[in-house]
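Reading through the structure tokens given below for one structure.
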Amino acid sequence: MTEKTSDRIQSIIDGNDVVLFMKGVPAAPQCGFSAAVVQVLNGLGVNYDAVNVLADPFVREGIKAFSNWPTIPQLYVKGEFIGGCDIVREMAASGELTTLFADKGVEKAPA
């Protein structure tokens, strides 16, 4: 991964309270795992930004090296890497994700 790609990814993470690196966009996920995380985030009603890794091959490969996590989607909250689909679903089911959002001061999306 180039320094430029790393800096770009860091800038995206720093500029958003909650950011999801995913395949596709929230309105049209391009894989089931990305769709599952979008469903969790939408269900919790939090504001989040999404990055379509399919639109940029440098980000698609770079995010894996950046986080040292081999799969996409990847969720970041207030600069902290949370995990992929299975971790997000488990945290949502246990209530841990709701607590994390509250503890980090993540705002709910307008109704």
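Using θ = phi - 60° and the Karplus relation 6.51 cos²θ - 1.76 cosθ + 1.60, list the HN-Hα couplings for segment 37-48 in order, rounded to whole Hz, with x at every Gly or Pro.
Calculated HN-Hα couplings, in order: 5, 4, 4, 5, 5, 5, x, 7, x, 9, 6, 8 Hz.
Report Rg(Cα)/(2.2 N^0.38 Å) for the chain, keeping two decimals.
Working it through for the chain, the quotient is 0.99.
So who's got an amide H within less than 5 Å of the one on VAL25, skipping anything under 5 residues away but keeping other chains? H placed 1.01 Å off N, in plane.
GLN30
List the extent of the Cα atoms of segment 47-99 along each of their three principal axes, largest first, rounded to whole Å.
34, 23, 17
Using θ = phi - 60° and the Karplus form 6.51 cos²θ - 1.76 cosθ + 1.60, what ³J(HN,Hα) does each residue of segment 81-90 get, whole Hz, x for Gly and Pro?
The phi angles translate into 6, 8, x, x, 4, 4, 5, 4, 5, 5 Hz.
Provide the net charge surrounding SER11, with neighbours chosen by a C-beta distance below 13 Å and charges set as Lys +1, Arg +1, Asp -1, Glu -1.
Details: positive: LYS4, ARG8; negative: GLU3, ASP7, ASP14, ASP49.
So the surrounding residues net to -2.
Bin all alpha-carbon pair distances of segment 16-63 at 5 Å intervals from 0 and give each bin's fraction as a whole percent.
With 5 Å bins starting at 0, P(r) equals 5, 24, 31, 25, 11, 4, 0.
To the nearest Å, what is the center-to-center distance of segment 58-81 and segment 1-33, using C-alpha atoms only?
7 Å
Using the Cα centre of the chain as the reference point, and only Cβ charges (+1 on K/R, -1 on D/E), how large is the resulting charge dipole? Debye, rounded to the nearest 20.
Details: 9 positive and 13 negative charges, 49 e Å.
Dipole size: approximately 240 debye.
Can you run phi through the Karplus equation (6.51, -1.76, 1.60; θ = phi - 60°) for segment 18-35 and list ³J(HN,Hα) in whole Hz, with x for Gly and Pro?
10, 9, 10, 8, 9, 9, x, 10, x, 6, 8, x, 9, 8, x, 5, 5, 4
Sequence gap at least 6, Cα distance under 8 Å: using those rules, report the relative contact order of the chain to the nearest whole percent.
Numbers: 155 pairs, mean separation 36.1, N = 111.
32 percent.
Return the long-range amide H neighbours of VAL51 (sequence gap of 5 or more, or a different chain), with a cut-off of under 5 Å between placed amide H atoms.
Those qualifying (amide H under 5 Å, at least 5 residues apart or on another chain) are LEU20, PHE21, MET22.
Any read-out appearing in this document is the output of simple, stated calculations on the displayed coordinates, not a laboratory observation. Bear in mind the structure is a predicted one, so any value in this text is a computation, not a measurement. As a convention, Cβ positions derive from the backbone with ideal geometry for all residues, glycine included, and neighbour counts pool all protein chains shown.
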